[in-house]
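Peer 1: Take this structure first; my questions come after.
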Amino acid sequence: MTRLGDITLTLVLVVIAKVSSQVSAFSVGGSLLVATSRRIAIPELLSRQSRSVHVQVPVRFQGTTTRWLTSSLQQQEPVAASAIENPPRVEAAEVVFLVPSTGADVIPSKFGIRSPVDPPSIAEAVEHLARKVNWFSDGKISAQVVPIPQDAVSVPSILDAGVVIALGLTDASDLKAASDLFQARRERNAGTKCHFALDCSQDMDPMVGPFDASSVSLNANLFPWTQAASGMRMRPLMEGDEVDWVKHSVDATWEKGPVRNAKELFAMATQCGDCIGNCVKDEQCNKCLNELTKVDTRDQVLSYRTIVSYESDLLREFSFCILQKHNIFGCNAEIPALPVVQPITTWRGETLTKRTARDILIAHLDDEAAPEGSRKSEVSWKVSAGANVAYDQFPSQNQIFYESVNGRDMWYDPVFRVETVDGRNVWAKRHYKVRDGPTPGSFRFSVLDNGVTSNEFWNIAGVADDLSWCVFHYAGAAGSVGQRYLGGLLCTPDGSLPPMDQWDEIWKALRSVGIQPWELFVVDNDPKSEDYIDAGPPPLDYFRKDVLEAKARKAAKE
């Protein structure tokens, strides 16, 4: 499975590429050498719009995944006690979701269209969304789901909420109540609140802080550094019947301000000038930067496909210097602490130990440490379905777990297929260090991927005694690019979905870690597809063969 660090790096490289397309190379000493058709003076650079990444949380809407920092839902079936402990005190703000006044518990939502189960009702989906608002804000934002009252304007908790989102309203009286509420909030909270409507049968102008779409100020149009203009740039994310939240804005914004812009550009010039210059002078690396400038920077999947299409050592050095080594953008992120997840405690009727937990990871790989019941195949597991559209768009996801030469740690090699921007199918591969976590069934993962370090915390949430399926939960962060994430995987020996008679137990495992079955995206693992055949045999032993050779040499000396 492709990890979030890959996509995170993609987004940042898109941003850097768009800057580098204008400021294509920096010479040592800080002077600007432009490899494009014209020179750019320092004053012009200072007046340019800066780029900022708005990180958001995955939730599916109309067949896509919502990526919005305060998004998610409370499950109709409560999360197990082991998953959520001591809900934190709300400190920052409150979000109110308004759903239809009647029928919300039976009207199908547009969530979960690509899952193996039926889509949830609007109420079930939005309740789950509300719970994740709290998780992804580290408990600082609360959310409530309210069937819209006809007198919503007289309900203080709605009228004065920081954010109000109307979802799926079609009834005339509901729409009028929402419209009246939005107008009352404009008059009462001008410049300090936010509200908008999604998938409603009537357009309602959003309000984004000081930007009011129903009455656009001169500041919004004339002064791009103002808060009103910032709010106006956010409006496109809230429009349309289909809200493709997997695309989130890293387009040009003025939010950083000229001083920070100048500091970052100067740092790039003085600290990473050689790496940038080498990349720009190299045909492959420079073409990657040029192609990234053409991509809608909100489209993570296409951006990542572009990175894979032109991967090179120079590109990795370019990103490592700017993002990881010097952290020029000053980003920081820690692994999410919520929900609190505990791994399984028993397997095959016995207490789980760190040894047997490793056995579950190794599973079906043809390895000396494989457990009883292993298929002794080329892979440990294949991802059947996952709870993240940005990563589960990629087909043929192979997982290979095996112990290191000294046996103290493990390695994890995900090998997955990517279609390049020029239509080729290629195999991408990554190499993770895996260490035992504090309790059996928990693990710490780390990888330096294309110049960016990602750290993750995994838990075994469920596994069949016969190893016919396994559920993993993961939480991670790529600190140097300021992104953190959560997700889950349903894995099987061959990547197919488990038989339906096993679904109840599997769904229970998923719900215990805060994931609903309808959040899953089914992964294409068909080995007979034309695209799979076009990619050729997957390099499943690319990293492992060296470890096996080292183990053999060690054994020969003993």
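Peer 1: Mind listing whichever residues of segment 122-166 are in contact with a helix residue (DSSP H, G or I) (Cβ under 6 Å, 6 or more places away or on another chain), of a type in the set (A, V, I, L, M) and in contact (Cβ under 8 Å) with a residue 40 or more places away in the chain?
Peer 2: Result: I141, A143, V145, I148, A152, I158, A166.
Peer 1: Here's another thing I want to ask about it. Out of the residues in segment 331-343 that are touching a helix residue (DSSP H, G or I) at 6+ places or on another chain (Cβ under 8 Å) and open to solvent by less than 80 Å² (accessible area, probe 1.4 Å), which is farthest from S468 (Cα to Cα)?
Peer 2: Top of the filtered list is C331.
Peer 1: Restricting to segment 499-525, count the residues that are more than 21 Å from the chain's Cα centre (by Cα), in a loop (DSSP other than H, G, I, E, B) and surrounded by fewer than 19 Cβ atoms within 10 Å (Cβ to Cβ).
Peer 2: Final tally of qualifying residues: 1.
Peer 1: Then there is this: Determine which single condition K429 fails, assuming it passes every other condition in (1) surrounded by 21 or more Cβ atoms within 10 Å (Cβ to Cβ); (2) in contact (Cβ under 8 Å) with a residue 60 or more places away in the chain.
Peer 2: For K429, the failing item is (1).
Peer 1: When both residues are 6+ apart or on different chains and their Cβ atoms are under 9 Å apart, which pairs have a first residue that lies in segment 321-343 and is more than 17 Å from K132 (Cα to Cα) and small (G, A, S), and a second that is in a helix (DSSP H, G or I) and open to solvent by less than 60 Å² (accessible area, probe 1.4 Å)?
Peer 2: Short answer, once both residue conditions are applied: G330/E264; A333/G479; A333/S480; A333/V481.
Peer 1: Given the options R375, R316, R348, name the one that is open to solvent by 10 Å² or more (accessible area, probe 1.4 Å), more than 18 Å from F445 (Cα to Cα) and in contact with a Pro (Cβ under 8 Å, 6 or more places away or on another chain).
Peer 2: Just one listed residue meets the conditions, R375.
Peer 1: Moving to a separate point now. Give S480, S446, S468 a once-over and let me know the one that is over 30 Å from Q284 (Cβ atoms) and of a type in the set (S, T, Y).
Peer 2: None of the other options fit; the residue is S468.
Peer 1: Here's another thing I want to ask about it. Just give me the residues in segment 470-498 being over 24 Å from the mean Cα position of the chain (by Cα) and within 19 Å of W518 (Cβ to Cβ), in sequence order.
Peer 2: Listed by number, the list holds a single entry, P498.
Peer 1: Any residue at all in segment 352-373 that is modelled with pLDDT of 90 or more, among the hydroxyl-bearing types (S, T, Y), closer than 23 Å to A461 by Cβ and touching a helix residue (DSSP H, G or I) at 6+ places or on another chain (Cβ under 6 Å)?
Peer 2: No, segment 352-373 has no match at all.
Peer 1: Looking at segment 132-154, which of its residues are touching a strand residue (DSSP E or B) at 6+ places or on another chain (Cβ under 8 Å) and surrounded by fewer than 22 Cβ atoms within 10 Å (Cβ to Cβ)?
Peer 2: K140, I141, Q144, V146, P147, listed by residue number.
Peer 1: Would you please list the contacts, defined by Cβ atoms under 6 Å and residues six or more apart or on different chains, that run from a residue in segment 372-389 that is over 19 Å from D466 (Cβ atoms) to a residue that is charged (D, E, K, R)?
Peer 2: Qualifying pairs under 6 Å: G386/D392; A387/E519.
Peer 1: Looking at (1) surrounded by fewer than 23 Cβ atoms within 10 Å (Cβ to Cβ); (2) small (G, A, S); (3) in contact (Cβ under 8 Å) with a residue 24 or more places away in the chain, which one does A197 not meet, given that it meets all the others?
Peer 2: A197 satisfies all of (1) surrounded by fewer than 23 Cβ atoms within 10 Å (Cβ to Cβ); (2) small (G, A, S); (3) in contact (Cβ under 8 Å) with a residue 24 or more places away in the chain except (1).
Peer 1: For segment 374-407, give me each residue that is of a type outside the set (F, W, Y), at pLDDT 95 or above and closer than 22 Å to T439 by Cβ.
Peer 2: S380, Q399, E403, S404
Peer 1: Keeping to segment 526-556, report how many residues are open to solvent by 80 Å² or more (accessible area, probe 1.4 Å) and among the hydroxyl-bearing types (S, T, Y).
Peer 2: Adding up the residues that qualify gives 1.
Peer 1: Let me ask something else. Note down all Cβ pairs under 6 Å where the first residue falls in segment 396-409 and is at positive phi and hydrophobic (A, V, I, L, M, F, W, C), the second is buried (at least 23 other Cβ atoms within 10 Å of the Cβ) and part of a loop (DSSP other than H, G, I, E, B), and they're at least six residues apart or on different chains.
Peer 2: Short answer, once both residue conditions are applied: none.
Peer 1: Further question on the same structure: Scan V452, V418 and give me the residue that is closer than 30 Å to I533 by Cα, aliphatic (A, V, I, L, M), open to solvent by less than 30 Å² (accessible area, probe 1.4 Å) and under 20 Å from the mean Cα position of the chain (by Cα).
Peer 2: V418
Peer 1: With the requirement that a residue be surrounded by fewer than 18 Cβ atoms within 10 Å (Cβ to Cβ) and part of a helix (DSSP H, G or I), what does segment 155-185 give you?
Peer 2: Selection gives P156, S157, L159, A172, S173, K176, D180, Q183, A184.
Peer 1: Within the set of pairs 6 or more residues apart or between chains, which connect a residue that is closer than 16 Å to D151 by Cα inside segment 177-192 to a residue that is at pLDDT 90 or above and open to solvent by 30 Å² or more (accessible area, probe 1.4 Å) with Cβ atoms less than 6 Å apart?
Peer 2: A177/Q150; D180/V153; L181/V153; A184/V153
The values are calculated or read from the model by the stated rules, or taken from the named source; none is laboratory data. Bear in mind that the values here come from a model prediction, so they are computed numbers and not experimental data. Here the Cβ is made from the backbone with ideal geometry for all residues, glycine too, and neighbour counts use every protein chain on show. When the accessible area is computed, the model is the full protein with side chains, heavy atoms only, and any ligands, DNA or RNA have been set aside. Shrake-Rupley method; radii C 1.70, N 1.55, O 1.52, S 1.80 Å.
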